[in-house]
1. Given THR119, SER80, PHE143, which one lies farthest toward the positive end of the charge dipole of segment 78-168, if we put +1 on the Cβ of every Lys and Arg and -1 on the Cβ of every Asp and Glu?
2. For a footprinting-style exposure proxy, rank VAL115, VAL139 by other Cβ within 10 Å, fewest first.
3. Determine, for each peptide in 90-96, 254-260, the mean count of other beta carbons within 10 angstrom over its residues, then list the peptides with the highest first.
4. Near LYS291, which lysines are there with a Cα under 24 Å away, not counting those fewer than 8 places off in the same chain?
5. Just to check I understand the Karplus step: with θ = phi - 60° and J = 6.51 cos²θ - 1.76 cosθ + 1.60, what whole-Hz values come out for segment 240-252, glycine and proline as x?
6. If I stretch the segment between ALA229 and THR100 completely, what's the gain in nm (0.36 nm per residue apart, minus their alpha carbon distance), one decimal?
7. Which net charge results for the neighbourhood of SER140, defined as the other residues with beta-carbon distances under 15 angstrom from its beta-carbon, given Lys and Arg at +1 and Asp and Glu at -1?
8. From the list (i) 0.99; (ii) 1.35; (iii) 1.23, can you say which value of Rg/Rh (Cα atoms, Kirkwood Rh) was derived from the structure given?
Amino acid sequence: MAGRVGPIARIAALGAVAAALLIAAPAAGAATLLGQLPGGNSPDDCVENASAAQSSVAAGTPYAAPSDGVVTAWAHWGDSGTPGSGRLVVWRHVGGTSYTVVGRSDTAAFSPGSVNVFTTRIPVAAGDVIGLHADTAVVSCFFSGMAGDAIDTGLGNPAPGETLDLATPIPDRRLNLAANLEPDADCDGFGDETQDGSINPLGCDKEAPVTTITSGPAPKTRQRNATFAFVSSEPGSSFQCQLDGGAFVHCGSPFGLLKVKKGSHTFAVRSKDLAGNVEQTPATLTWLVKKKKKKKKHHHQHHHHHN
């Protein structure tokens, strides 16, 4: 959903070794600024279909997310000639020169001689790094930085979840790219400051509950009926029960089974908390229903009395 942004982002100057233009956070918020724009530096063009990630920054504004959140806007300085088109890419370094695409914006056409600002929505994790893909050969990709700065580059336009080898390094350069990273307190994938109209008061709960079976049948029994009691580590959780690997069904504690066939059986129960996290390893109880004892026949002895 690329588009020019007015009130959600303002452009501010930052004094550094190289002058930089950044997307600034909304006045009331805690958004983090990522990346830099070239300011007075003349940026260099990429080749067509080039992808790039800022692998290191010696000092100043980072290109890597310092915390989990959502990238909600990004900016690029359009060259004064024919600025071309491209997109923001968020990368996750997976080892060596390999990067996996976490998310990417829509392709955007850049206007010449100006800062181009676009909205987007890309949930990211701490350590993910912003980067750029050049759709055309005239996109101004990078500018002179500091010793210790580095960009990893390669050819290709991978989709989210795909991995690309960015095996060609460019030292002492910074990407012509800036972005807003907003917090996401309830982990719903929307930036809290400009995108999320209703922040869940439960916050960001990513932990699944743990279920404990507190009572059930004896390990060996002749009783064909069985009753189970169980609790969840998180109050308000709902439960799902399963018998012998069948389908999970909604249930509550206590939970009863009637006329269970003889043999070995396994009961499983899992819980789901109010945030929607489902337990991955259900609690289980295995027991054996034995044959009922046969009733013994009573033999009546007849005593003959002789007179």
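Computed from the coordinates by the stated procedures, all read-outs in this text should not be read as laboratory data. Nothing here was measured: the structure is a model prediction, and the numbers come from that model. Cβ atoms come from the backbone with ideal geometry, glycine included; neighbour counts cover every protein chain shown.
1. Farthest towards the positive end: THR119.
2. Ordered by Cβ neighbours within 10 Å, fewest first: VAL115, VAL139.
3. Values: 90-96: 16.9, 254-260: 12.9.
Highest mean packing first, the order is 90-96, 254-260.
4. Cα-Cα hits under 24 Å: LYS220, LYS259, LYS261, LYS262.
5. For segment 240-252, the Karplus curve yields 10, 10, 8, 10, 6, x, x, 6, 6, 10, 4, 8, x Hz.
6. Here the answer is 41.9 nm.
7. -2
8. The listed entry that was calculated here is (ii).
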